[in-house]
Amino acid sequence: MLTKRIIPCLDIKDGRTVKGTNFVDLRDAGDPVELGARYAAEGADELVFLDITATNEKRKTLASLVTRVAHQVNIPFTVGGGISSVEDVNVLLQHGADKISVNTAAFRRPELIGELAAEFGSQCVVLAIDTRLEEDGDWYVYLNGGRTATRTRCADWAHEAVSRGAGEILLTSMNHDGTKAGFALSITGLLSRTLPVPVIASGGGGTLQHFADVFEEAGADAALAASIFHFKEVAIPELKAFLDAKHIPVRK
Amino acid sequence: MDIAIIKYNAGNIQSVLYALERIGATAQVTDDAELIRSADRVIFPGVGEAASAMQYLKERKLDLLIRELKQPVLGICLGMQLLCRHSEEGDTACLGVFDTTVKRFNTTLKVPQIGWNNVEALRGPLFEGVAENSYFYFVHSYYAALCADTIAETTYDIRFSSALSHGNFSGVQFHAEKSAAAGEQLLKNFIR
């Protein structure tokens with residue numbers, strides 16, 4: 001049976017792993033390659049490396065870091081941050097990334113998704129969406145690491161992106177990110193039920209039960225978290241044993 | 001041990017090379033007919049689209065070369081599918097080593113299947129030391145139907161061939177190079 005995936009996310013700045021609370025106040029959580037290998041050994045199903053400063057500072061994700069990860073990690077990994085062209089993606093895949101994630105650049109120029117899917121296949125194109133629940137009760141797309149608001153509804157953009165060739169959606173709720181109060185079950189469930197591709201839930205995972213909730217109640221295909229893994233508040237083997245005991249399919 | 005990884009317009013070639021390095025093997029990524037023919041082991045990798053991949057192989061006459069190889073050959077993902085008779089993807093005539101056809105998942109489940117699924121009914125030396133029901137990493141929208149060459153089975157709505165073997169050829173639908181310890185064991189078995 002296809003299992004639910006647990007995905008530690010390593011936010012990268014200047015080649016180091018960091019994790020912010022609500023996208024600010026960064027703390028250093030160590031060497032990304034070392035951390036990635038540790039997570040793989042502990043039973044993580046995939047890894048995501050996001051160069052979180054890339055868009056704002058117009059930097060490209062370091063290809064050399066990708067190569068080091070690819071050499072040392074024996075599970076799939078996705079690389080994102082500041083990707084805006086077929087050539088950016090080609091470089092990352094050539095250096096050993098399995099998938100790439102696009103966010104702001106794909107929103108600004110949606111044709112990018114189709115170009116990437118045609119060139120490399122939908123299976124390696126992850127669309128990342130940062131979304132916020134507004135006072136009108138709807139979820140909207142935010143760009144540039146959550147700094148720029150748009151008037152586009154999250155669900156509309158997700159559907160358009162999938163129709164253009166995105167193979168997975170990485171959905172981060174800005175209302176929940178960094179709070180450790182649980183994932184955004186409503187928007188995750190909406191996308192998960194209505195999209196034909198897997199949805200990775202991100203933002204808010206703080207306890208073992210939160211992961212069970214996002215799989216059982218929201219139907220997420222995968223759940224992503226960062227700081228709780230980095231600071232050893234939740235251990236991956238313990239999380240998997242907990243989910244298994246609740247009959248949620250996980251790789252043991 | 002001389003290992004050749006066939007270079008063509010497919011995506012996971014570098015990952016296969018790194019995976020071999022992690023288990024202490026070195027390999028050459030090449031489309032040189034002589035190097036491929038003389039290698040002790042040949043890996044035919046692949047992430048991509050069947051029709052364009054077959055077209056690329058034909059243009060370089062690699063299709064005939066692959067079919068005639070005598071040493072152990074391992075197809076991975078698209079590589080495995082291209083070793084089958086025919087693929088629905090682009091209605092493509094393939095290499096015809098494995099006596100089965102490749103079909104698109106017709107399911108209400110999400111397609112592609114992305115993630116870790118268990119592999120059952122394991123047979124043959126490729127799976128030596130790999131426990132029944134081990135998890136491997138899959139990313140695919142098309143599958144090879146069960147047939148006499150099937151040496152492992154997986155269920156995603158329907159039951160399909162997650163590994164095939166015929167003579168000196170074997171193939172795996174999952175990404176052994178990205179399947180943690182189970183994948184490393186399989187690769188070790190292949191190069192043993």
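The values are calculated or read from the model by the stated rules, or taken from the named source; none is laboratory data. Note that the coordinates shown come from a computational prediction; the quantities given were computed from them, not determined experimentally. Neighbour counts are summed over all protein chains in view; Cβ atoms, including those assigned to glycine, are modelled from backbone coordinates with ideal geometry. Only protein heavy atoms, including side chains, enter the accessible area calculation; ligands, DNA and RNA are left aside. Shrake-Rupley method; radii C 1.70, N 1.55, O 1.52, S 1.80 Å.
Say we look at the range A:37-51 and pick out the residues that are more than 15 Å from the chain's Cα centre (by Cα) and more than 9 Å from chain B (Cβ to nearest Cβ); which of these is farthest from A:Arg68 (Cα to Cα)? Looking at the filtered set, the residue picked out is A:Glu42. Just one residue in the set A:Ala117, A:Ala128, A:Ala105 is modelled with pLDDT under 95 and open to solvent by less than 30 Å² (accessible area, probe 1.4 Å); that residue is A:Ala117.
The residues of the range B:49-78 that are within 14 Å of chain A (Cβ to nearest Cβ) and under 21 Å from B:Asp2 (Cβ atoms) amount to a single one, B:Ile76. Might you let me know whether the range B:90-106 holds any residue that is within 14 Å of chain A (Cβ to nearest Cβ), in contact with a His (Cβ under 9 Å, 6 or more places away or on another chain) and open to solvent by less than 40 Å² (accessible area, probe 1.4 Å)? Yes, there is a match, as at least one residue in the range B:90-106 is within 14 Å of chain A (Cβ to nearest Cβ), in contact with a His (Cβ under 9 Å, 6 or more places away or on another chain) and open to solvent by less than 40 Å² (accessible area, probe 1.4 Å). When the range B:148-192 is limited to residues that are of a type in the set (Gly, Ala, Ser), away from every other protein chain (no Cβ under 13 Å) and outside any strand (DSSP E or B), the one that is least open to solvent (accessible area, probe 1.4 Å) turns out to be B:Gly167.
Of everything in the range A:216-252, what is under 19 Å from B:Tyr137 (Cα atoms) and either touching a Phe, Trp or Tyr at 6+ places or on another chain (Cβ under 7 Å) or not in a loop (DSSP other than H, G, I, E, B) (or both)? Give them in sequence order. A:Ala222, A:Ala223, A:Leu224, A:Ile236, A:Pro237, A:Lys240, A:Asp244, A:Ile248, A:Arg251, listed by residue number. Screening A:Glu134, A:Glu217 for residues that are open to solvent by 30 Å² or more (accessible area, probe 1.4 Å) and touching a strand residue (DSSP E or B) at 6+ places or on another chain (Cβ under 6 Å) leaves exactly one candidate, A:Glu134. Summed over the range A:137-156, the residues that are open to solvent by 10 Å² or more (accessible area, probe 1.4 Å) and either of a type in the set (A, V, I, L, M, F, W, C) or not in a loop (DSSP other than H, G, I, E, B) (or both) give a count of 11.
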